[in-house]
Structure formats: structure tokens, C-alpha cells
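A.B. asks: Right, I'll just put the structure down here and ask away after.
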Amino acid sequence: MATIQKGAQGVQTISHGSSAGSTAASPYPAKRPKAAFILMLIGGVMILIYAVLILLGGLAAVSLAGRAVGNTITIGNTTLTLNQTEITALKNAPSTLYPTGGIGFVTGLVVIVMAFMMWKAIDPKRIRNLSIIALVASIVSFFGGAGFLYIGMALAIIGSALGALRKG
């Protein structure tokens, strides 16, 4: 059993009893925010993966637009004939896909990092603050694709709300 003693100069010392069945005290809270961590982690990963797919779509559009000759695009043995509207959309796709994917990539990373920081946090105020940062990033991920039909965003919002509303 651990006992805390205050020394002459106000310094606290921790001593552990020598009971055979006792274990060292963990620096982490007895009840970690497991549900919040899992939901934030899954939501953040979904947002991040979807953002990567969006960015890859932008790269594919650049590649296809570069292969366009007139109204045709040749890929291997296949030749596609596109109208002018489709070619213009293909050439303009990266201007939409890159910022969207970038926002999703950053917000997904923020949610994942905040989930791990929250898991390691000891102070309930710190857990709440990290959860609020993840909540804001989850909401902003709406502009970055939001992770597979908004499922990633919803999971991250629910997880970060659980962490923010958690009582010490």
C-alpha cells in the first residue's frame, strides 16, 4: 500500500508498503476514458484514410488530364472520348480535391494525436481540454471529407464529447 508523507520542506514522498500482494501505484487514473479513446481513434483513422483517398483522387485527375489530347484520353489500350465539360472538370478537380484532402488529413491527424494524448493524460482538466480540441477538429473535418459518409466525423465527435463530459 502506498503512503504519502509530507517532509519538513513541504516535499511529498511516496513509500510503498512491503505487502506481498500489493502492486506499485499507477500514475494513470483508475478509470481511463476508454470509450472516448476508441471512438476518437477510429473516427480519426477513418477521416485520415478518406483524406488520403481524396488526395490520391486529385493525383489521378492530374494524371488523366495530362494524358488528354483533344477530346480523348488513352490509358493503355483503352481510349476514352470526353466532351469539353468533362475535360474541364477533370482539369479543375485538383483545385477542389487538394484543399479538401489537406483539411481532412490535418484534422484526422489532430484527432488521432489528441486521442493518444488524452489516453496518457492524468489530469481531468487536461483530458477535457484535449477532448475539446479533438471535438473542434472533428467538426472542421466536415470540410475535409468527414471520413466515409460522415461516419468518421460522427465517431470522432461522439468520442471527443465523451472525453469532454467525463468527470474526473
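The values are calculated or read from the model by the stated rules, or taken from the named source; none is laboratory data. If you're wondering where the values come from, they're calculated on a predicted model, not measured in any experiment. For neighbour counting, all protein chains shown are included, and Cβ atoms are generated from backbone atoms with ideal geometry for every residue, glycine included.
A.B. asks: Exactly one condition in (1) in contact with a Ser or Thr (Cβ under 7 Å, 6 or more places away or on another chain); (2) surrounded by fewer than 17 Cβ atoms within 10 Å (Cβ to Cβ) is false for Pro124; which is it?
C.D. replies: (1) is the only condition that Pro124 fails.
A.B. asks: Can you tell which of Thr88, Thr96, Thr100 is in contact with a Phe, Trp or Tyr (Cβ under 9 Å, 6 or more places away or on another chain), part of a helix (DSSP H, G or I) and among the hydroxyl-bearing types (Ser, Thr, Tyr)?
C.D. replies: Criteria check complete, one pass: Thr100.
Residue by residue, here is whether (1) at pLDDT 90 or above; (2) assigned to a helix (DSSP H, G or I); (3) in contact with a Cys (Cβ under 9 Å, 6 or more places away or on another chain) holds:
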residue: Gly104; (1), (2), (3): yes, yes, no
residue: Val110; (1), (2), (3): yes, yes, no
residue: Ile122; (1), (2), (3): no, no, no
residue: Arg126; (1), (2), (3): no, yes, no
residue: Ile139; (1), (2), (3): yes, yes, no
residue: Ala164; (1), (2), (3): no, yes, no
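A.B. asks: Which numbered condition in (1) surrounded by 20 or more Cβ atoms within 10 Å (Cβ to Cβ); (2) of a type in the set (A, V, I, L, M, F, W, C); (3) within 11 Å of the chain's Cα centre (by Cα) is the only one that Leu109 fails?
C.D. replies: (1)
A.B. asks: So, one more: State all residues of the stretch 87-112 that are in contact (Cβ under 8 Å) with a residue 60 or more places away in the chain and touching a strand residue (DSSP E or B) at 6+ places or on another chain (Cβ under 7 Å); if no residue qualifies, say none.
C.D. replies: none
A.B. asks: Of all residues in the stretch 141-162 being part of a loop (DSSP other than H, G, I, E, B) and more than 12 Å from the chain's Cα centre (by Cα), which is modelled with the highest pLDDT?
C.D. replies: Filtering first and then ranking leaves Tyr150.
A.B. asks: Taking the options Leu82, Leu59, Leu90, name whichever one is at pLDDT 60 or above and buried (at least 17 other Cβ atoms within 10 Å of the Cβ).
C.D. replies: Exactly one residue qualifies, and that residue is Leu90.
A.B. asks: For the stretch 67-79, which positions are outside any strand (DSSP E or B) and exposed (fewer than 11 other Cβ atoms within 10 Å of the Cβ)?
C.D. replies: Hits for the stretch 67-79 are Gly70, Gly76, Asn77.
A.B. asks: Every residue in the stretch 80-133 that is small (Gly, Ala, Ser) and within 20 Å of Gly58 (Cα to Cα), please.
C.D. replies: Ala89, Ala93, Ser95, Gly101, Gly102, Gly104, Gly108
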